[in-house]
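The values are calculated or read from the model by the stated rules, or taken from the named source; none is laboratory data. A quick note: this is a predicted structure, and the numbers were derived from the prediction, not measured. With ideal geometry, Cβ positions are generated from the backbone for all residues, glycine too; neighbour counts draw on all protein chains shown. Just so you know, the surface numbers come from the protein's heavy atoms only, side chains and all, with ligands and any DNA or RNA stripped out. Shrake-Rupley method; radii C 1.70, N 1.55, O 1.52, S 1.80 Å.
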Amino acid sequence: MHSVLFVTGNANKLAEVTSILDSALIQVRNAALDIPEIQGTLEEIARDKCRRAAEMVQGPVLVEDSALEFTAMNGLPGPYIKHFFESLGNDGLIKLIDPFEDRSAAAVSTFAFAEGPGEEPAVFQGRLEGRIVSPRGPTGFGWQPIFEIGGETLAEMSREKKNGMSHRYQALCKLQEWLQEKAKN
C-alpha cells in the first residue's frame with residue numbers, strides 16, 4: 001500500500017479523491033500547501049507543482065490541476081479556470097461564452113504523483129466532454145453547475161454517478177492502474 005500526501009485545501013476535491021481511490025491500494029492524507037503555479041500546459045503545471053510539493057514535504061505527493069476548456073475560445077480558460085472562476089463566478093463564465101454559438105467544453109483533470117524529492121512526477125489525465133449551460137444544481141464546487149453532460153450538470157449528478165465517470169475519476173483510474181503495475185514489478 002502507498003501512503004501519499006494529496007496537496008489540496010479543497011474539502012470537496014479531497015472527498016471525491018478518497019471516494020474514488022481504492023483505500024487498499026493507496027492511503028490519502030491531505031495538506032493545503034501554498035505552492036506557486038507556473039504558467040504553461042496542464043502537464044507542465046502539474047509536474048512543477050508536484051516537484052515543489054515533494055521538496056516541501058520530503059516525501060510522496062499527489063497533486064491535481066483542473067481545467068475547463070471552452071472549444072470556442074481555443075481551450076481557454078483552461079488551467080486558469082480557478083482564477084477566472086474566483087474573479088467572474090459562473091455568471092461571468094457564461095457571459096464569456098455567450099457571444100459564441102459553440103458551447104462545447106471539456107473538463108480536464110491532471111494528476112501528478114512523485115515518490116519524493118528529486119523523483120520525476122508521473123502524470124495521469126482524464127477528460128470529460130460536455131457543454132456550458134446556465135447554472136443548475138447545488139453551488140459550492142466551482143464551475144460544476146455550468147458543465148453539462150448527458151442532460152445533467154456535474155452539480156446535479158449524484159456523487160456516485162459523477163465519481164464513476166468524471167474527468168477526475170478517469171485520471172485516478174489511470175493512477176491506480178499504474179500503481180498496481182508498479183507493485184507487480
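Of the residues making up the stretch 95-112, just one is under 17 Å from Pro36 (Cα atoms) and either among the aromatic types (Phe, Trp, Tyr) or over 15 Å from the mean Cα position of the chain (by Cα) (or both), namely Phe111.
One line per residue, one yes/no per condition, for (1) touching a helix residue (DSSP H, G or I) at 6+ places or on another chain (Cβ under 7 Å); (2) surrounded by fewer than 14 Cβ atoms within 10 Å (Cβ to Cβ):
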{"site": "Tyr80", "(1), (2)": "no, no"}
{"site": "Glu86", "(1), (2)": "no, yes"}
{"site": "Ser104", "(1), (2)": "yes, no"}
{"site": "Glu119", "(1), (2)": "yes, no"}
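If you take the residues of the stretch 61-94 that are among the aliphatic types (A, V, I, L, M) and part of a strand (DSSP E or B), which of them is farthest from the chain's Cα centre (by Cα)? Looking at the filtered set, the residue picked out is Val61. Taken as a whole, the structure leaves Ala183 outside the set of residues that are open to solvent by less than 20 Å² (accessible area, probe 1.4 Å) and outside any loop (DSSP other than H, G, I, E, B).
The test for being within 23 Å of Cys50 (Cα to Cα), exposed (fewer than 14 other Cβ atoms within 10 Å of the Cβ) and not basic (Lys, Arg) does not hold for Gln176. Of all residues in the stretch 84-103, those that are over 12 Å from Gly142 (Cα atoms) have Cβ atoms under 9 Å from Cβ atoms of residues that are modelled with pLDDT of 95 or more and of a type in the set (Ser, Thr, Tyr), 6 or more apart or on another chain, in Ile94/Ser134; Phe100/Thr71; Asp102/Thr71; Arg103/Thr71.
Residues of the stretch 42-56 that are more than 21 Å from Phe141 (Cα to Cα), surrounded by 16 or more Cβ atoms within 10 Å (Cβ to Cβ) and in contact (Cβ under 8 Å) with a residue 40 or more places away in the chain: Ile45, Arg47, Lys49, Cys50, Arg51, Ala53, Ala54. Residue count for the stretch 149-164 satisfying the condition of being among the charged types (D, E, K, R) and either open to solvent by less than 20 Å² (accessible area, probe 1.4 Å) or part of a helix (DSSP H, G or I) (or both): 4.
Summed over the stretch 22-41, the residues that are open to solvent by 10 Å² or more (accessible area, probe 1.4 Å) and within 24 Å of Gln180 (Cβ to Cβ) give a count of 8. Taking the criterion of being assigned to a loop (DSSP other than H, G, I, E, B) and under 18 Å from Pro79 (Cβ atoms), the only residue of the stretch 95-137 that qualifies is Pro121.
The set of residues from the stretch 6-60 being assigned to a loop (DSSP other than H, G, I, E, B) and aliphatic (A, V, I, L, M) comprises Leu21, Ala24, Leu25, Ala32, Leu33, Ile35, Ile38.
From the residues in the stretch 1-21 that are polar (S, T, N, Q), touching a strand residue (DSSP E or B) at 6+ places or on another chain (Cβ under 6 Å) and within 23 Å of Gln180 (Cβ to Cβ), which one is least open to solvent (accessible area, probe 1.4 Å)? Among those residues, the one meeting the criterion is Ser3.
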